[in-house]
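Visitor: The structure is given below, and queries will be raised subsequently.
Values in this text are rule-based calculations from the coordinates and carry no lab data. The model shown is predicted, which means the values in this text are computed figures rather than measured ones. Note that we place each Cβ from the backbone using ideal geometry, even for glycine, and neighbour counts take in every protein chain shown.
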Amino acid sequence: MLAAISALLLALSALPLAAASSDPWVRIQSQNFELFTTAGDRNGRELVHHFEQVRAFFYEAFGAQTAAARQARIIVFRSDKEYEPYRPTQFASAFFQPGVEHDFIVMKNASGVNEVAVHEYTHLLVGQSGQTIPIWLNEGLAELYSNLEPLGAHIVVGKPIRGRVQALGAEKWMPLQTVLAADRGSPFYQEKSRAGMFYAESWILVHMLVLSREYRPKLHAMLEALKGAALNDTGSARALEKAYGKPVESIEKDLKSYLAGSTLAAAVFDAPEAKPMGEVQIESNAGLAARLALAELTAVTAGKAVQARAAYRQLQRDYPNRWEVEQAMGVLDLRERRNSEAAEHFAIAIELGARNPRLYIDYARALSLTNRGDEAVKALRTALSLDPALEEARFELGVALVRTGGYREAVEEFGKLKRLTPERASRYYYSLAYANYQLGDRARARTLIREARSYTKNPEELAALEKLREAVDR
């Protein structure tokens, strides 16, 4: 949904590392962040503190909390050489990478990072909103917030960015249509010689849409039009034209006039109440955890599956008989649908002493996918014994019990769930309907099938529901 992104906008208008002889990695954990760095614990502590302050601003100013936010991991190197294997573009000094278990913010170094930190944290908030938005809006939004500045009891957002203003005044603009049509593979986004103007134009466009008197009243309409538009060459242009009732060429003229005006507006917010950061845990010699994080980062980066597997293999050699490595390799295999191999790695991790509820959930999935349902049920019961409040384990246990014929037990387990998330709703209602059908309650099964249909548009799931309905009716 666009809710989190709308809040951010409308509130303004309204490769693996080789083993080293010594371990340079430090892990710093605060309440909301986990940071790995080779730049020293002092720099890391200061950066974590800054991220906590930025997070407090967004969450208190806009209520920008997401329902299912993944844990944020920050990786900060001390040199270009260390950073280079992970650099996503020719010019990026930092980047945000969404993941499955964690979201990552990766930075080249820890000096002069305030604006970079805010820029990448904005990307993280947008990513955790669950909504895909065009590149120009994503980067323009991150630039808009990047130089937020405390001013007494207030925070100012939207101050002119000197480098962007200078570039827009001295260099030839690319057509606005080109900016709106850019995607992650576009040379205007990837190449150092062109990306500067793309960022500059994206920034001034978002600045005008959010803060100018003429454009900000129709910002919500633009977001709604964009929500229904396809993210292709013309989707953004059509959304702008629909919301503002003028062609893109006219909007481009307005944009240049806006920049040439005497002042650029800014927004002022009350600063969040200063709070102590809380306990910060600092761990030196954190090479295993840091390299596992880097391997995970590589694994969730498109086109780097081979490098990720090589990173995990190297970790196996450098850290033999560590359950953390075996668990991580199991997760990688499960993601790549190597289900038998995944189950083997999870079993080894358990033999090595792992007592992680998350591991048992993944183990159960691998077992189910290799037709070892009874063992999957046992693994899920172990996960719940380790953490009785783990809703995901209870949900998966209900599904596994249906698959193995434990229909009455499945109904009991489903009844213990305290919250049903939308992404689980279709499977929940289908499994519960099937269990009730097998128990002889056809009326209840029909009701549950209707509920399941309202939560899915997936053709395979709809076909399974229709097949179940036919069985119930017979």
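Visitor: Run the dipole for the range 302-473 about the Cα centre, Lys and Arg Cβ at +1, Asp and Glu Cβ at -1, nothing else charged, and hand back the magnitude in debye, nearest 20.
Guide: Charge dipole, the range 302-473, about its Cα centre: 340 debye, nearest 20.
Visitor: Can you grab the distance from the C-alpha centre of the range 400-446 to the C-alpha centre of the range 79-128, Å, no decimals?
Guide: 42 Å
Visitor: At a Cα cut-off below 23 Å, give the lysines reachable from Lys378, other chains included and same-chain residues fewer than 8 away excluded.
Guide: Within the straight-line cut-off, Lys378 pairs with Lys416, Lys418.
Visitor: Say each of Ser193 and Ala153 gets a label point 7 Å from the Cα, pointing the same way as Cα to Cβ; how far apart are those two points in nm?
Guide: 5.3 nm
Visitor: Could you run the Karplus curve 6.51 cos²θ - 1.76 cosθ + 1.60 with θ = phi - 60° over the range 86-98 and give me ³J(HN,Hα) per residue in whole Hz, x for Gly and Pro?
Guide: So the Karplus estimates, Gly and Pro as x, are 10, 4, x, 9, 4, 10, 5, 8, 7, 7, 10, 10, x Hz.
Visitor: Next up: If I stretch the segment between Arg184 and Arg162 completely, what's the gain in nm (0.36 nm per residue apart, minus their alpha carbon distance), one decimal?
Guide: Once the chain is fully extended between Arg184 and Arg162, it gains 5.4 nm.
Visitor: Which entries of Lys172/Lys246; Lys172/Lys192; Lys227/Lys253; Lys159/Lys242; Lys192/Lys304; Lys246/Lys457 have Cα-Cα distances beyond 27 Å here?
Guide: Violating the 27 Å Cα-Cα cut-off are Lys159/Lys242; Lys246/Lys457.
Visitor: Next question. If you count the DSSP beta bridges with both ends in the chain, what percent of them are antiparallel, to the nearest 5?
Guide: 65 percent
Visitor: Additional query: Binning every alpha carbon pair distance of the range 302-473 at 10 Å from zero, what are the percents per bin?
Guide: 10, 32, 31, 18, 7, 1
Visitor: With θ set to phi - 60° and the Karplus curve 6.51 cos²θ - 1.76 cosθ + 1.60, what are the ³J(HN,Hα) couplings of the range 42-56 in order, to the nearest whole Hz, using x for Gly and Pro?
Guide: So the Karplus estimates, Gly and Pro as x, are 5, 4, x, 5, 5, 5, 4, 4, 5, 4, 5, 5, 5, 4, 4 Hz.
Visitor: From the list (i) 51; (ii) 55; (iii) 36, can you say which value of percent of Cα pairs over 32 Å apart was derived from the structure given?
Guide: (i)
Visitor: For the chain, what is the mean residue ellipticity at 222 nm derived from helices alone (per DSSP H run of n ≥ 4: -39500 (n - 2.57); sum divided by total residues; nearest 500 deg cm²/dmol)?
Guide: The per-residue figure over the chain is -18500 deg cm²/dmol.
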